[in-house]
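Q: Next up is a structure, given as structure tokens.
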Amino acid sequence: MFYPGSFQIVAPSDTEIEISRDFHAPRQLVFDAFTKPDLVRRWLLGPGGWSMPVCEIELKVGGRYRYVWRKEGVKDMGMGGVFQEVVVPSVLVATEKFDEAWYPGEALNTSVFAENGDLTKILITVRYESKEARDTARRSGMEQGLKSGYNRLEELLASVQRPR
């Protein structure tokens, strides 16, 4: 069962965006899909046509991560950050900065994975350094990219789950 209708993006403050989505999968599997490179590069791609040739994740406090996306005819897009908090399988807190920043400053992402029966809800709070940065991110098309990626993630989770 897929839950694309559960996808929401709201702006609870002048400097934050909250993103939430339900997935029909165990929390550990959803957490793994956010933290294991072999899974991340299969869904965190945004709209069609993109690939992720670089996906490096050092999952520990102080560890770094790095992503690079590629699409034919478009300049590569890279970003990365440092993990501030890692609580397996429930919380990830990490900084975020793009190589060629399209919004000012750095962001802090807090991802909470909550399991309720057969569902796992992911709630990501992105805190930007300013209202200007938050507004720039909102105008970037991130919503469409996230929707595409999360639908791809739902399909991935269904394909890797073992029958209970």
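Q: Of the cross-linked pairs Lys97/Lys147; Lys75/Lys131; Lys75/Lys121, which ones have a Cα-Cα span greater than 25 Å in the structure shown?
A: Lys75/Lys131; Lys75/Lys121
Q: Now a separate question. For the chain, what does the helix formula give at 222 nm: sum of -39500 (n - 2.57) over DSSP H segments with n ≥ 4, over the residue count, nearest 500 deg cm²/dmol?
A: After summing the helix terms and dividing by the residues of the chain, the value is -8000 deg cm²/dmol.
Q: If you don't mind, another one. Sort out for me the Cα centre separation of the range 121-164 from the range 19-92, rounded to whole Å.
A: Cα centroid of the range 121-164 versus Cα centroid of the range 19-92: 10 Å apart.
Q: Is the chain best put as rounded, prolate or oblate by its Cα gyration tensor, with a ≥ b ≥ c the root eigenvalues, rounded for a/c under 1.5, and otherwise prolate when a/b is larger than b/c, oblate when not?
A: Note, shape of the chain comes out rounded.
Rule-based calculations on the coordinates, nothing more; no lab input. Worth saying up front: this structure is predicted, and the values here are computed from it rather than measured.
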